[in-house]
Each structure stands twice: as structure tokens, then as C-alpha cells.
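The values are calculated or read from the model by the stated rules, or taken from the named source; none is laboratory data. Quick caveat: nothing in here was measured; it's all calculated off a predicted structure. Glycine gets a Cβ as well: all are built from the backbone with ideal geometry, and neighbour counts include every protein chain shown.
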């Protein structure tokens, strides 16, 4: 009888590193869920196009799925470590797949949805005169495309997943049968991340140059350019933090694998590779903080400008009115401009 899974289970049951990792990952996932709930409740503040809203809903769903699955899985492992014997840590390949797939699908979905958002913003930057009035059907097509990518990635992961004895003491994302799949998948995800950040950065620069140029755009085109700048500025911190931390996790993954022969045991190797994905939970929290801080900054600017406008009189009022008219299509927040104009007209009456 092969006692290797039982020996591994005993090792994990005594591992302090595993306990610390479980606590950290559960805390990060809980924080991420709370912040995402706050963001979702306040999403109306940055009024996105209907197609972009579809992709944002998809992205929120995938991140929530990943966080919830992490919490459920790790609380189950913690319960076994505290209240049961090490033998209960042993799982078949099928049981591990059931536990791991939701997390993998969540990771694949969040990366693919960001990739599709870059395509959506690219289209909005190339169809200035018609995009704002377009239907959200384009967003549904992009959502269907990212679903197909998720299905392909998940299918490849499922087919290539497995352990030598068809059972393991601790379910891990990587497995012996996935030696070929794991590096290829990591490279593909890194490519999607790199594409996303390059597209968002280039589009922001392109649209900002359009705003500063003397090209005679129509009012509709100017509005769309302003909207592109506004939305990309809101989303760019999220994309940057997402890309940098996820890419760092992928690089560390390859470093750990390349030095695996220097590890004292394969159990320590599996714990190191499993803990790498904690970077992803950190990136979710960091993204949420970026969004919250950005919204607070915009609110503060709005309140200050509205107060200055409402207290203006005489020549100051005329000067403020002139500034609003001149800045109407250069501002990063059209709603704020409309509110300021309404306040000025009210004071004029």
C-alpha cells in the first residue's frame, strides 16, 4: 500500500506555514469582498457605457467567485486541521478538481474580462461619432468571447490535472500531470496582462492628445473623447496594480519551479507554489483601494469647485461662467460640468 499521501497529510497537519497562509488568504479574500461590495454599490458614480458595464459586471462576478471559493475551501481545510485527523486531508483528483476549479475559473475570468475591456475601450476610441449611441450588444459579444476563452483555459486545466496516485494530501493548483500545461497557461495569461496595460496606456495618451489638439471635432466626438479619458483614468490604476502583482506572481512561480530541486521536500515546494496566488488576493484589495481613493478625490474636487462657483458674484461670476464654457469639453467629468453650469445659472437668476 502506498503511504505517501498519508505521510504528506501528516506533514501538512503539522505545518505552521500552512496555517499562516490560510489565515492570510481568508483575510485578504474577506477584505476584497467587502471592498467590491462597496464599489458595486457606488458604481453609478462613474456612469459607464452599456457595453463596458456588461464587462464590469462580469469582472466583479469572477473576482467574487474566486474570493468566495477561497474562503470556503480554506475554512474547510482549517476545520480539518483543528478538529479532524490528518487522513481527512487526503482527496481524490476529482475532489480536488471540484475544489480548485471555481478559483481557477475566477482567475481566468478576471484576466480575460480585463482583456476584453481593453478591446471595448479601443473600439470607443476609434468610433468617436457613433459609439456613445451604440447598443450594449457589442458588450454581450465581448462577454461571449471572454467566456469562450475561459472555457478553453478551464478545459485544458481539467484535462491536464492529476496526481501520480490519483489522490493527494492537499489540493494544489499545480499537479504532476500539468507540467506542460502550467507554464504555457502562465505565459498566455502574462501575455493578456501585458496586452491590457499597453492598450490602456496608449489609448489614454492618444485621447489626451486629441483633447489638446486643434482638430475640429464635432460635439459628439469631443464628448466621446472626454468619456474615454475619464473612464481610462478611473480604470488604469486597477489595471496597473492587477498586471504588476499578477505578473510578479507568475515570475515567482517560474523561479520556484526552476529551483525546485533545491527544496528540502516536494511538500515545501507545493506550499510555496500554492502561496504565490496570495499575491492575487492582495491585488484585488489594492485595486479596490485604488477605486475608492479615486472616487473620493473626484468627490472632493467636485465639492470644492461647486462651492467656489456658488459663492462667486459680479465679475467673479462672469469669469467662472467663461471658464466653465471654455473647459466644457476638456474636463474629465462631464457630469460635474453640467452641475456647475446649473449652479451658475441659478445664481444669475
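Residues of the stretch 1-39 that are surrounded by 15 or more Cβ atoms within 10 Å (Cβ to Cβ) and assigned to a loop (DSSP other than H, G, I, E, B): 15 alone.
Restricting the stretch 151-180 to residues that are modelled with pLDDT of 90 or more and in contact with a helix residue (DSSP H, G or I) (Cβ under 8 Å, 6 or more places away or on another chain), the residue that is farthest from residue 85 (Cα to Cα) is 153.
Residues that are closer than 30 Å to residue 175 by Cα, at pLDDT below 90 and either touching a helix residue (DSSP H, G or I) at 6+ places or on another chain (Cβ under 6 Å) or surrounded by 15 or more Cβ atoms within 10 Å (Cβ to Cβ) (or both) occur at least once in the stretch 45-60. When 116, 148 are screened for being on the phi < 0 side of the Ramachandran plot, touching a helix residue (DSSP H, G or I) at 6+ places or on another chain (Cβ under 6 Å) and modelled with pLDDT of 90 or more, only 116 passes.
Each row is one residue, and each column tells you yes or no for (1) closer than 26 Å to residue 158 by Cβ; (2) over 23 Å from the mean Cα position of the chain (by Cα); (3) in a loop (DSSP other than H, G, I, E, B).
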{"site": "52", "(1), (2), (3)": "no, no, no"}
{"site": "55", "(1), (2), (3)": "yes, no, no"}
{"site": "58", "(1), (2), (3)": "yes, no, no"}
{"site": "65", "(1), (2), (3)": "yes, no, no"}
{"site": "68", "(1), (2), (3)": "yes, no, no"}
{"site": "72", "(1), (2), (3)": "yes, no, no"}
{"site": "75", "(1), (2), (3)": "yes, yes, no"}
{"site": "94", "(1), (2), (3)": "yes, yes, no"}
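When the stretch 207-224 is filtered for residues that are touching a residue at least 60 places away in the same chain (Cβ under 8 Å) and assigned to a helix (DSSP H, G or I), the ones remaining, listed by number, are 207, 211, 219, 220, 221, 222, 223, 224.
Within the stretch 124-136, the set of residues being touching a residue at least 40 places away in the same chain (Cβ under 8 Å) and either within 24 Å of the chain's Cα centre (by Cα) or assigned to a helix (DSSP H, G or I) (or both) comprises 124, 125, 131, 132, 136. Among the residues of the stretch 157-171, the ones that are part of a loop (DSSP other than H, G, I, E, B) and over 19 Å from residue 104 (Cβ atoms) come to 4 in all.
Here is the figure for the stretch 167-189: residues that are under 23 Å from the mean Cα position of the chain (by Cα) and within 11 Å of residue 93 (Cα to Cα) total 1. Would you confirm whether or not the stretch 127-143 contains a residue that is within 30 Å of residue 14 (Cα to Cα) and either touching a strand residue (DSSP E or B) at 6+ places or on another chain (Cβ under 7 Å) or modelled with pLDDT of 85 or more (or both)? No, there is no match, as no residue in the stretch 127-143 is within 30 Å of residue 14 (Cα to Cα) and either touching a strand residue (DSSP E or B) at 6+ places or on another chain (Cβ under 7 Å) or modelled with pLDDT of 85 or more (or both).
Conditions tested, residue by residue: (1) part of a helix (DSSP H, G or I); (2) buried (at least 16 other Cβ atoms within 10 Å of the Cβ); (3) at pLDDT 85 or above; (4) out of contact with any strand residue (DSSP E or B) (no Cβ under 7 Å at 6 or more places or on another chain).
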position: 196; (1), (2), (3), (4): yes, yes, yes, yes
position: 226; (1), (2), (3), (4): yes, yes, yes, yes
position: 250; (1), (2), (3), (4): yes, yes, no, yes
position: 255; (1), (2), (3), (4): yes, no, no, yes
